[in-house]
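Here the structure is laid out as structure tokens; the discussion comes afterwards.
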Amino acid sequence: MEKLSINHWAEADRPREKLERLGADALSDAELLAILIGSGTTDESAVDLMKRILNDYNNNLNTLGKLSLRDLEQYKGIGPAKAITILAACELGKRRQKATVEEAPLLNTAEKVYHFMHTAIQDLDIEEGWILMMKQNYRLIEAKRISIGGLTMAPIDIRLMMKEALLKNTTILAFCHNHPSGSTSPSREDNQLTLRIHKACELLNIHFADHVILTDGGFFSYREEGKL
């Protein structure tokens, strides 16, 4: 019976589409390797080819990574380029195991927020608003700019802010913006915005850690000034 190429498989079964839908951890070793080599032969798909090769080495990626280019090139459908790709992937896997996990920034004080954001705002002559989305331990998930204005900040869409926070599974949220004037004193609009963000966070059970006003030489913290 004629074998179907991956392009003729149901979309849900194709490795690339499967990874896009379900994430890399949902794929087998053979499927991940099939994505790398791209194609099989007229007799078998890339997935079947990699299943066969893995089976010859007890389905052990560590053993596969110890093969030579010549060993891999003995398989029909594996030329020099594909063999190099397979061994490069195995080597990257080994190096990742040795790599130190990079810890996300800890932003549990206004001073740490200031130092983290200083590079982004120090030379700005317009106001920008940023949200800092964090885990429960105050480790940063993502910093995202949500507003760009002129001498004063453009209106903040609270709904968009909360949508971003929920999409990132945010437990703790901080907001910060810069004052190009160099003054750290909050304006009436800043006070009103702080209140609106606080209320929205309370409604969604997100801890509003702080609103920090930044300048090139200092900062104002609503939390540390007792205004939150």
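Do we find that Asn169 is in a loop (DSSP other than H, G, I, E, B) and touching a residue at least 24 places away in the same chain (Cβ under 8 Å) in this structure? The answer is yes for Asn169.
Could you check, for region 147-164, whether at least one of its residues is at pLDDT below 95 and assigned to a strand (DSSP E or B)? Within region 147-164 (the criterion being at pLDDT below 95 and assigned to a strand (DSSP E or B)), the answer is yes, since at least one residue qualifies.
Has region 116-126 got at least one residue that is exposed (fewer than 10 other Cβ atoms within 10 Å of the Cβ) and not assigned by TED's automatic domain parsing to the domain that holds Glu142? Working first, answer last.
Residues of region 116-126 that are exposed (fewer than 10 other Cβ atoms within 10 Å of the Cβ), as a first pass: 119, 123, 125.
The next check asks that each one be not assigned by TED's automatic domain parsing to the domain that holds Glu142; those that pass are none.
No, the conditions are met nowhere in region 116-126.
Taking region 37-77 as the region of interest, the helices (runs of 4 or more DSSP H) fully inside it that hold 1 or more residues being more than 15 Å from Leu87 (Cα to Cα) are 46-56. When region 25-82 is limited to residues that are at positive phi and loosely packed, with under 13 Cβ neighbours inside 10 Å, the one that is modelled with the lowest pLDDT turns out to be Gly38.
The residues listed here are Ala143, Ala209; of these, the one that is in contact (Cβ under 8 Å) with a residue 40 or more places away in the chain, in a strand (DSSP E or B) and closer than 23 Å to Pro105 by Cβ is Ala209. Restricted to region 67-108, and to residues that are in contact (Cβ under 8 Å) with a residue 12 or more places away in the chain and under 30 Å from Gly218 (Cα atoms), which residue is farthest from the chain's Cα centre (by Cα)? Here the residue is Asn108.
Any residue that is on the phi > 0 side of the Ramachandran plot, more than 23 Å from the chain's Cα centre (by Cα) and in contact (Cβ under 8 Å) with a residue 24 or more places away in the chain - is there at least one of those in region 182-201?
So far as region 182-201 goes, yes, one or more of its residues are on the phi > 0 side of the Ramachandran plot, more than 23 Å from the chain's Cα centre (by Cα) and in contact (Cβ under 8 Å) with a residue 24 or more places away in the chain.
Restricting region 83-109 to residues that are in contact with a helix residue (DSSP H, G or I) (Cβ under 9 Å, 6 or more places away or on another chain) and either outside the structural domain of Ser39 (by TED's automatic domain parsing) or under 30 Å from Phe175 (Cα atoms) (or both), the residue that is surrounded by the most Cβ atoms within 10 Å (Cβ to Cβ) is Leu107. For region 88-103, how many residues meet the condition of being farther than 21 Å from Asn60 by Cα and either modelled with pLDDT of 90 or more or outside any loop (DSSP other than H, G, I, E, B) (or both)? The total comes to 0. Given the condition in contact with a strand residue (DSSP E or B) (Cβ under 6 Å, 6 or more places away or on another chain) and in a loop (DSSP other than H, G, I, E, B), answer yes or no: does some residue in region 107-120 qualify? Yes, region 107-120 has at least one match.
The values are calculated or read from the model by the stated rules, or taken from the named source; none is laboratory data. Keep in mind that this is a model prediction, so the values were computed, not measured. A quick note on method: Cβ atoms are made from the backbone with ideal geometry, for glycine too, and the neighbour counts reach across all protein chains shown.
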